[in-house]
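FYI, it's all coordinate maths here, none of it is from the lab. Please read all numbers here as calculations on a predicted model, not as lab measurements. Because the Cβ atoms are built from the backbone with ideal geometry, glycine has one as well, and the counts that use them run over all protein chains shown.
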Amino acid sequence: MTTPLQAWAPLFQARAASHAQHRHPGNDLGVLAREALAGGLLTGKYRPGTRFTDAAHTRSRRAIDELDRRLEAAERIRETEVPDGIAMAAWALAWCLQHPAVTAVIPGGKSVDQIAANAKAADLNLIPDDHPQAAAT
């Protein structure tokens, strides 16, 4: 059975894996993970059925079925992967930071509080040895 994170992970791992060869220390290159919070869908703020109506925002331009699929996957991740007491956004950023091909994560933020919360992800070690993410190392 595929876990929710395994279903979501290919969205992030495909690019990282394709660039992993460049992470060789002699190349001085790495992968920058942008959109690590999937356009806000991995922040924990939105639930399945959420609709975005601001035409100026990219989330409102997604097809409804695609948005629903991503929100349902994000909800399953929140329920099954994110430990109690840890913000989903920090967990998602830590997950990206712990990928062996990723050099840096570019999460963005709209407020000082969001940026401070995002920075806490650097201190999290949330990937257990038996987790699919650990298998990538």
Output the Kirkwood hydrodynamic radius of the range 41-94, Cα pairs only, in Å rounded to one decimal. 11.8
Scan around VAL31 for amide H atoms under 5 Å from its own, H built in the peptide plane at 1.01 Å from N, and keep only partners 5 or more places away or cross-chain. THR103, ALA104
Of the listed peptides 83-89, 109-115, what is their order by residue-averaged count of other C-beta atoms within 10 Å, with the highest listed first? 83-89, 109-115
With x for Gly and Pro, the residue-by-residue ³J(HN,Hα) of the range 57-70, computed from phi through the Karplus equation 6.51 cos²θ - 1.76 cosθ + 1.60 at θ = phi - 60° and given in whole Hz, is 9, 4, 4, 6, 9, 6, 4, 4, 5, 5, 4, 4, 4, 5
